[in-house]
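**Student:** So that we are looking at the same thing, I have put the structure below in structure tokens.
The values are calculated or read from the model by the stated rules, or taken from the named source; none is laboratory data. Just so it is clear, the structure is predicted and the values come from calculations on it, not from any experiment. In this analysis, Cβ positions are derived from the backbone assuming ideal geometry, glycine residues included, and neighbour counts consider all displayed protein chains.
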Amino acid sequence: MSESTETTPSGPAADILPADPLAPLIQALRVFASARDWEQFHTPKNLASALSVEAAELLEHFQWLTEAQSQSLSVDKREQVAAEAADVFLYLAAARHIGH
């Protein structure tokens with residue numbers, strides 16, 4: 001029987017499971033926030049608030065549209081929706097690892 005030579009991560013990503021497919025993204029978000037001294041604001045309450053705001057900004061693109069209109073957006077509008085959806089995803093990913 002051989003000994004395992006696996007190592008565990010250290011530093012800011014140490015609290016993320018190695019098998020977590022979001023680990024590289026979470027690490028990049030942490031580096032980005034740290035470089036701007038934003039970590040102090042990344043509390044569960046603040047991240048939940050920001051997530052809610054971003055979700056509302058996503059919904060705003062569909063407000064007052066019919067179902068058919070919402071399914072046939074212009075290229076420009078689809079790009080805007082994609083950017084808002086990405087913001088929602090990033091805040092959700094950041095909130096997922098708060099306190100770990």
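**Student:** Looking at S72, S52 in this structure, which one is modelled with pLDDT of 95 or more, among the hydroxyl-bearing types (S, T, Y) and over 15 Å from the mean Cα position of the chain (by Cα)? First the steps, then the outcome.
**Tutor:** On the way: S52 fails: over 15 Å from the mean Cα position of the chain (by Cα).
After applying the criteria, what remains is S72.
**Student:** Could I ask something else about it? Conditions: (1) of a type in the set (A, V, I, L, M, F, W, C); (2) exposed (fewer than 14 other Cβ atoms within 10 Å of the Cβ); (3) at pLDDT 95 or above. V81 meets all but one. Number of the miss?
**Tutor:** Result: V81 passes all but (2).
**Student:** Which condition from (1) farther than 18 Å from A28 by Cα; (2) at pLDDT below 95; (3) surrounded by 16 or more Cβ atoms within 10 Å (Cβ to Cβ); (4) among the aliphatic types (A, V, I, L, M) is the one that L47 breaks?
**Tutor:** Among (1) farther than 18 Å from A28 by Cα; (2) at pLDDT below 95; (3) surrounded by 16 or more Cβ atoms within 10 Å (Cβ to Cβ); (4) among the aliphatic types (A, V, I, L, M), the lone unmet condition for L47 is (1).
**Student:** Could you please tell me which pairs satisfy a Cβ distance under 7 Å, a separation of 6+ or placement on different chains, a first residue in the range 59-75 that is under 16 Å from A85 (Cα atoms), and a second residue that is part of a loop (DSSP other than H, G, I, E, B)?
**Tutor:** Pairs found: S70/F62.
**Student:** Continuing with this model, one more query. What single numbered condition from (1) touching a helix residue (DSSP H, G or I) at 6+ places or on another chain (Cβ under 9 Å); (2) of a type outside the set (G, A, S); (3) in a loop (DSSP other than H, G, I, E, B) fails to hold for L92?
**Tutor:** Of everything listed in (1) touching a helix residue (DSSP H, G or I) at 6+ places or on another chain (Cβ under 9 Å); (2) of a type outside the set (G, A, S); (3) in a loop (DSSP other than H, G, I, E, B), L92 misses just condition (3).
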